[in-house]
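Asker: What follows is a single structure, and I will ask about it in a moment.
The values are calculated or read from the model by the stated rules, or taken from the named source; none is laboratory data. Values in this document were obtained by computation on a predicted structure and should not be read as measured data. All Cβ positions, even for glycine, are placed from backbone atoms using ideal geometry, and neighbour counts span all protein chains on display.
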């Protein structure tokens, strides 16, 4: 039996969702760090842009980019705050995993490439979110299919939610 690697602090208090391995979590975390560093996020609010600049984000126009070290430091601060909270979580409380429902890009785990979100990518990502649902996690359909005309994107997203989710929120 292969020994489980030492748990990095980011995963310290998390159980591994059904259908995922420890290595899967590490791969997703590394991919998220890469996306934040290379693609960043669009921020339209000038006050938020100023706050992000002051905090150390790199800005190009209305895009904010985050160094992996910066993200790790922020996560460490959040975890320290969570650990300091004296109210324990209720045993059956549902945690909503918010991956976002307007994702325009997709980290393809099969080739480690960042791609434009397609209908097939949205379906695969929705299935991954549903697999995590068995551990009490949920989310919206995690992306917008950009391989269909803009006028149809919301309809296709809704159809994917109706077909591939089990009673949770879809839009």
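Asker: I need the full set of residues from region 100-117 which are free of Cβ contacts under 8 Å to residues at least 60 places away in the same chain and buried (at least 17 other Cβ atoms within 10 Å of the Cβ), in order please.
Answerer: 103, 106, 117
Asker: Under 16 Å from residue 142 (Cβ atoms) and at pLDDT 90 or above, is that true of residue 99? Write out each step before concluding.
Answerer: On the way: under 16 Å from residue 142 (Cβ atoms): yes; at pLDDT 90 or above: no.
Spelling it out, it is not the case that residue 99 is under 16 Å from residue 142 (Cβ atoms) and at pLDDT 90 or above.
Asker: Let me ask you something else. Go through (1) in a helix (DSSP H, G or I); (2) at pLDDT below 85; (3) surrounded by 13 or more Cβ atoms within 10 Å (Cβ to Cβ); (4) not assigned by TED's automatic domain parsing to the domain that holds residue 56 one by one and return the number of the condition residue 163 breaks.
Answerer: (3)
Asker: Here's a follow-up. Look at residue 120 and say whether it is outside the structural domain of residue 156 (by TED's automatic domain parsing) and modelled with pLDDT of 85 or more.
Answerer: Criteria not met by residue 120.
Asker: Still on this model: Among what's in region 1-51 and is modelled with pLDDT under 65 and assigned to a helix (DSSP H, G or I), pick the residue that is surrounded by the most Cβ atoms within 10 Å (Cβ to Cβ).
Answerer: Among those that are modelled with pLDDT under 65 and assigned to a helix (DSSP H, G or I), it is 10.
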